Amino acid sequence: MSVPTRKPTNLTLDAGLVAEARALQLNVSRAAEAGIADAIRRERARQWQQENAGAIRSSNEWVERHGLPLERHRPY
């Protein structure tokens, strides 16, 4: 597994949050990086759902009309 390249960046953050993070001995850079990564994941998921809304809706409508294709094989 390769180590990601790091880029020095200046951020403007809420002073209270930074003070609390430092008091808790958190690595502010790593915490910010984790927050940005989470925001990227959530936005990509939102965009995927938006782009595929028609197909998801169509699939759900089909299941509502016909049921699950292999439902008779479900043990419960």
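The values are calculated or read from the model by the stated rules, or taken from the named source; none is laboratory data. Keep in mind that this is a model prediction, so the values were computed, not measured. Methodologically, a virtual Cβ is constructed for each residue, glycine included, from the backbone with ideal geometry; neighbour enumeration extends over all protein chains shown. Side chains included, ligands, DNA and RNA excluded: accessible areas come from the protein's heavy atoms. Shrake-Rupley method; radii C 1.70, N 1.55, O 1.52, S 1.80 Å.
Some points to look at:
- When each of the peptides 27-40, 2-15, 52-65 is scored by how many other beta carbons lie within 10 Å of its residues on average, the order from highest to lowest is 27-40, 52-65, 2-15.
- Rolling a 1.4 Å probe over the protein heavy atoms of region 12-72, with every protein chain left in place, gives an accessible area that is 53 percent carbon and sulfur.
- Probe 1.4 Å, protein heavy atoms only - accessible area per residue of region 33-76 in square angstrom: 95 Å²
- Pairwise alpha-carbon distances in the chain exceed 14 Å for 78% of all pairs.
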